[in-house]
């Protein structure tokens, strides 16, 4: 598995290099020259050390250290998910418009995967940073002055995806957060909806600008999920206890069936 993973990392790194070259108007050779020229710069050496440390954790040790970035209080785990959903909804909204333009102009039923990738690349380059900034503002998150929305959200992601989900006693294994699984689920939903858009389908509410409201754009259906495990501290003994908390939506679903 390790060689396969390393190969994927290399391909992703090469793809990012190409994206950077395209964005800055550089050739791959010039980028390599710059990397070599500034290899002794203290800041570059620090970044390189962090990358090598992360590679060692992910590929060799298979254990990522917790990343405790300072994040403004307003950007909680829950708010991050809402912002992520809003950004993805904006991407789908813009992509839908572009796909429909092509379909109507050329009299086709759908576009190709390559055409979809091209549209997504353009949306990412031209509009996605604006979506991030607008979504942060929509949910009342003021990031520090001078910070770029993309970088700040990346720091929040790294923090919340690597911290422990529950406090543990010394010597016990760390239970990693399930939060990143939720983010992956959102991405999976996004990919499925993009495929429908590619095929010319109209998704409910897709024509409405997502930034007009803070309401959620894609809501996971919890109606058939009985509940979730909640950790709380006993007011009497002070001990941590686990209890099953039913989802309100599942209760409503049961009531309807009755």
- [ ] Report yes if some residue within region 149-161 is in a loop (DSSP other than H, G, I, E, B), under 16 Å from residue 76 (Cα atoms) and modelled with pLDDT under 90; otherwise report no.
- [x] no
Task: Qualifying positions in region 135-148 - within 15 Å of residue 217 (Cα to Cα) and assigned to a helix (DSSP H, G or I) - done: 135, 138
Task: region 167-214: number of residues that are modelled with pLDDT under 85 and either in contact with a helix residue (DSSP H, G or I) (Cβ under 6 Å, 6 or more places away or on another chain) or exposed (fewer than 13 other Cβ atoms within 10 Å of the Cβ) (or both) - done: 12
Open item on the list: Looking at 39, 63, can you tell me which residue is part of a loop (DSSP other than H, G, I, E, B) and either modelled with pLDDT under 80 or on the phi > 0 side of the Ramachandran plot (or both)?
Closed with: 63
Open item on the list: Taking the criterion of being loosely packed, with under 10 Cβ neighbours inside 10 Å, at pLDDT below 75 and out of contact with any helix residue (DSSP H, G or I) (no Cβ under 7 Å at 6 or more places or on another chain), would at least one residue in region 2-17 satisfy it?
Closed with: yes
TODO: Could you check residue 122 against (1) under 20 Å from residue 23 (Cα atoms); (2) at pLDDT 95 or above; (3) more than 18 Å from the chain's Cα centre (by Cα) and say which number it fails?
DONE: (2)
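The values are calculated or read from the model by the stated rules, or taken from the named source; none is laboratory data. Keep in mind it's a predicted model, so treat the numbers as computed, not measured. Glycine also receives a Cβ, built like all others from the backbone with ideal geometry; neighbour counts cover every protein chain displayed.
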